[in-house]
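Novice: The following block contains the structure, expressed as structure tokens.
The values are calculated or read from the model by the stated rules, or taken from the named source; none is laboratory data. Everything quoted here is computed from the prediction, not taken from an experiment. No Cβ is skipped: glycine too gets one built from the backbone with ideal geometry, and neighbour counts run over all protein chains shown. Quick note on the areas: whole protein, heavy atoms, side chains included, nothing else; ligands and nucleic acids left out. Shrake-Rupley method; radii C 1.70, N 1.55, O 1.52, S 1.80 Å.
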Amino acid sequence: MQILTPEFSCFATDAELIAQVAHLNTEYRKGSPLVTDAHFDALFTELEQRQPDHELVKKVQPEPLQDSKGRIAHSRPMLSTEKSYEPAEVKSWLEKIATFTGETLANGTTLIRISPKFDGCAGRFDKDASAKLITRGDGNFGNDFTHLIAHGLVFKGYGEIGEVICDEGYFQSVLKPQGVVHPRNFVAGLISADTLSPIGLKALKDGAVHFVSYDDHPGNVTVTLSAVMDLLDTVEASLIANCPYRTDGIILQVHDEQIFKSMGHGSRSHHAQLAKKIAGEPVEAEITGINWQVGRSGRVTPVLNIVPTEMSGATVSNCTAHHAGNVKAQGIGAGAVGLYIRAGEVIPKLLKVLKPSPNTVLPEECPCCQSELVWQGDFLNCNNDACEGRIASQLEFLTKTLGIDLIGRKAAEKLAKAGVDCVGLLSITSEKLIGAGFGAGQAANILSEIDRVKTNPIEDFKVMASVGIHTLGKRASKNLLSEYPLNALLSGITETQITALSGFADTKATAIVDGLEKNKALLSFLAQFFVQITPSKLVISNDAPLIGLNVVFTGTLSSGSRNEVERNAEMLGAKIQSSVNGKTNVLVCGANVGVSKTSKAAALGVKVITEADYLMMIG
Ligand SMILES: [Zn+2]
């Protein structure tokens, strides 16, 4: 059909005009409009004036629009959610919000809502427009699944936007035994099926299929902007573990409706909303039992044995379950089914228990020394300092942190069994190693490995971290040692001195003072053991050649790597800057330095010297 242009519509007969409007209207409702809205309106107005009573004109309540696939239109677009995987992406999103609200990430009080990201099918209950349930589809058109209500679809909450999803308990106990593989596929099948299967009808009738509204889901939590990054991991783990539905991440969004709206949206998603997805596809596997392992401080932690399962390219047969409190709360044990994720090379993590064990057993005594276990918060503890399991874990941790190879779990257990502790290992003899069950060749290799680490320079923070005080990992050790040298710490430091440093809260300080006291003998031994310990705290004499100077190095240096040269300059009293500014005193130029750099420095009155000049200067 030839399309009438607006300016010629007045010359068309009534019949031609009616045929035109009907045709254009049909195509438009199929989702394939042939003309612009303005063009259509012009023809429609012409018809309206000539035949105000025609049925095409009088149709007040239009049927929902349909696209060519029979999907119906949303009354306004239903956006999807921007996805992220890394905490760094969440952080930069939070920074954008802080910028928008005029706050800072450190102090912002804007509330952020965190919800589970359900792994089902998103949809909308379009109450006002059509009273229809529509899947999100492409955001403009979705599938109508209103008919599921009559079969027993349960509404959870009152929000307009939500997820169609199957109750996980029902899936595990009823659907999985009948061969249904994934709850998401099951729900997608219900929505798209022309005829509902008997299993589908029964699940609906049993009240196991829900439309869960996002806004008022009881699992949602709100935290202030400034607290999100600190709580992210904990909240994510707990939302996923405790949600009655399969979840594949979390959704963060600005809680305040006004701010949410005023932040606006792009073509696909709201700026005030972000999904943080689990990287990789979570995998189900049955738990066959629990191995309890004693950690270096006496914590007895559960390692799950699972039916060997393929996870991102590797066959996995065990997995950590964090702590005993988790085992108790989630009903972990033989016969339970867990959902795991293994991203990259990381050890698999238990995301949630899909089906609890009929028989959860918590140990009452230490698996290594049979001492009675004591609850401390969520942890079960063996408080026997002489426990072989604890000592093996200490040996394993110490050697790993110091970089001594050849001591794995098996070797550590052998040593602990022979009565060798950390001090004992570092001063061990060949006879003793052979006595502990190592071959002569193995013993020689271990001794030369210990000697290699002993005679190479080692940073003080590694030494500190190797004793395994929980609150003093490498980074915290470095912070502490940048202020107080190792010897000062060994002769005693107070909680007040520690809390005065940035990054050390009160509870941490107590644990540090405690841990230093408990590990004093081992630390004193280590302080003497190594040939050269590199201090984190620089001691600079008052007559050092670069004292008080702000220095920038640029270009290719010949006297060492950039790091080495800068560190050396720091030891000679310099403050290293990454680029020239008004406070810079000296710019040291290696080879291949552009003119722009030196001229900028000269303009600021900075002294520009060559590397050779610099070497003369420091003598
Ligand atoms: Zn024990």
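Novice: Students sometimes get this wrong: rank VAL565, VAL346 by accessible area, probe 1.4 Å, all chains present, largest first.
Specialist: Details: VAL565 10, VAL346 90 Å².
From most exposed to least exposed: VAL346, VAL565.
Novice: Between VAL221 and ILE149, how high is the FRET efficiency from 1/(1 + (r/R0)^6) when r is the Cβ-Cβ distance and R₀ = 35 Å? Nearest 0.05.
Specialist: Using R0 = 35 Å, I get an efficiency of 0.75.
Novice: A further question on this structure: Rounded, prolate or oblate for region 83-277? Axes are the square roots of the Cα gyration tensor eigenvalues, ordered a ≥ b ≥ c, and the cut-off for rounded is a/c under 1.5. If you can, show how the numbers build up before the last one.
Specialist: Details: a/c = 2.56, a/b = 1.73, b/c = 1.48.
Prolate, since a/c reaches 1.5 and a/b exceeds b/c.
Novice: Rounded to the nearest 0.05, what FRET efficiency is calculated for ASN305 and GLU86 with R0 set to 35 Å and r the Cβ-Cβ distance?
Specialist: 0.70
Novice: Considering only the other residues whose Cβ falls under 15 Å of the Cβ of GLN2, what net charge follows from Lys and Arg at +1 and Asp and Glu at -1?
Specialist: Net charge around GLN2: -3.
Novice: Which percent of the accessible area of the chain is formed by carbon and sulfur heavy atoms (probe 1.4 angstrom)?
Specialist: Exposed carbon and sulfur together represent 52 percent of the surface.
Novice: As an exercise, use a Förster radius of 30 Å and the Cβ-Cβ distance of ILE609 and LYS537 to find the FRET efficiency, rounded to the nearest 0.05. Before the final figure, lay out the partial values.
Specialist: Values: r = 29 Å, r/R0 = 0.96.
Computed FRET efficiency for ILE609 and LYS537 comes out at 0.55.
Novice: Would you please give the residues with an amide H less than 5 Å from that of ASP256, counting only those at least 5 places away or on a separate chain, with H modeled from the backbone geometry?
Specialist: It is LEU111, by chain and number.
Novice: Ranked by accessible surface with a 1.4 Å probe, highest first, in what order do GLU163, GLU48 come?
Specialist: GLU48, GLU163
Novice: Now a separate question. When Lys and Arg each count +1 and Asp and Glu each count -1, what net charge do the other residues less than 14 Å away from SER430, Cβ to Cβ, add up to?
Specialist: Counting the neighbours of SER430, the net charge comes to -2.
Novice: Ranked highest first by average number of other Cβ atoms within 10 Å, how do 247-260, 198-211, 528-541 line up?
Specialist: 247-260, 198-211, 528-541
Novice: Using label points projected 7 Å from each Cα along Cα→Cβ, tell me how many nm separate ILE547 and ASP41, to one decimal.
Specialist: The answer from the label model is 8.0 nm.
Novice: Shifting gears a bit: Please list, in order along region 207-215, the HN-Hα scalar couplings obtained from phi with the Karplus expression 6.51 cos²θ - 1.76 cosθ + 1.60 (θ = phi - 60°), rounded to whole Hz, x for Gly and Pro.
Specialist: Listing the rounded values in order: x, 9, 10, 10, 9, 9, 6, 5, 5 Hz.
Novice: Which order do MET263, MET1 take when ranked by solvent-accessible area (1.4 Å probe, heavy atoms of all protein chains), largest first?
Specialist: MET1, MET263
Novice: Another question about this same structure. Give the accessible area for ARG76 in Å² (nearest 10); use a 1.4 Å probe, count only protein heavy atoms, and leave out ligands, DNA and RNA.
Specialist: Approximately 120 Å² of ARG76 is accessible to the 1.4 Å probe.
Novice: While we're here: Could you state how much accessible area TRP292 has, in square angstrom rounded to the nearest 10, with a 1.4 Å probe and all protein chains kept in place?
Specialist: 40 Å²
Novice: In terms of modelled amide H atoms, which long-range or inter-chain residues lie less than 5 Å from the amide H of LYS355?
Specialist: Placed amide hydrogens put VAL337 under 5 Å from LYS355.
Novice: Turning to a different aspect of this structure: Rounded to the nearest 10 Å², what accessible area does SER267 show when all protein chains are kept and the probe is 1.4 Å?
Specialist: Here the accessible area works out near 110 Å².
Novice: In addition: What list of whole percents do you get for P(r) of the chain, with Cα-Cα distances grouped in 10 Å bins up to the one holding the largest distance?
Specialist: 3, 11, 15, 18, 17, 14, 10, 6, 4, 2, 0, 0
Novice: Tell me which lysines have Cα within less than 17 Å of LYS508's Cα, excluding those fewer than 8 residues away on the same chain?
Specialist: LYS474, LYS478, LYS518
Novice: Report the label-to-label distance for MET616 and LEU501 in nanometres (one decimal), using points 7 Å from each Cα along the Cα→Cβ vector.
Specialist: Result for the modelled spin labels: 4.2 nm.
Novice: From the phi of every residue in region 190-200, what ³J(HN,Hα) in whole Hz does the Karplus formula 6.51 cos²θ - 1.76 cosθ + 1.60 yield, where θ is phi - 60° and glycine or proline is x?
Specialist: Residue by residue, region 190-200 yields 4, 5, 9, 5, 6, 10, 6, 6, x, 5, x Hz.
Novice: Using amide H atoms built 1.01 Å from N in the peptide plane, name the residues 5+ places from GLN293, or on other chains, whose amide H lies under 5 Å from its own.
Specialist: Here the answer is THR301, VAL303, since their amide H atoms fall under 5 Å of that of GLN293.
Novice: Give the aspartates and glutamates whose C-alpha is closer than 20 Å to that of LYS607, dropping any in the same chain fewer than 8 places away, or say none.
Specialist: The qualifying aspartates and glutamates are GLU566, GLU570.
Novice: Right, here's the next one. For the residue pair ASP233 and LEU105, what label-to-label distance in nm results when each label sits 7 Å from Cα along the Cα-to-beta-carbon direction?
Specialist: It is 1.7 nm.
Novice: Let me ask something additional. Treating each Cα of region 283-381 as an identical point scatterer and ignoring solvent, apply the Debye formula and state log10 I(q)/I(0) at q = 0.20, 0.23 Å⁻¹.
Specialist: -0.94, -1.15
Novice: Within straight cross-link reach of LYS127, meaning Cα distance under 25 Å, which lysines are found once same-chain residues fewer than 8 apart are removed?
Specialist: Output for LYS127: LYS30, LYS58, LYS59, LYS69, LYS117, LYS156, LYS205, LYS261.
Novice: Compute the relative contact order of the chain as a whole-number percentage, counting only Cα pairs closer than 8 Å that sit 6 or more residues apart in sequence. Walk me through the numbers on the way to the answer.
Specialist: Values: 1034 pairs, mean separation 49.7, N = 619.
It comes to 8 percent, rounded to a whole number.
Novice: Of all the C-alpha pairs in region 254-294, what % are more than 13 Å from each other?
Specialist: The answer is 71 percent, as a whole percent.
Novice: Next question, about the same structure. For helix 14-29, report the angle its Cα long axis makes with the longest principal axis of the Cα atoms of the chain; keep it between 0 and 90° and round to the nearest 10°.
Specialist: Roughly 20 degrees between the two axes.
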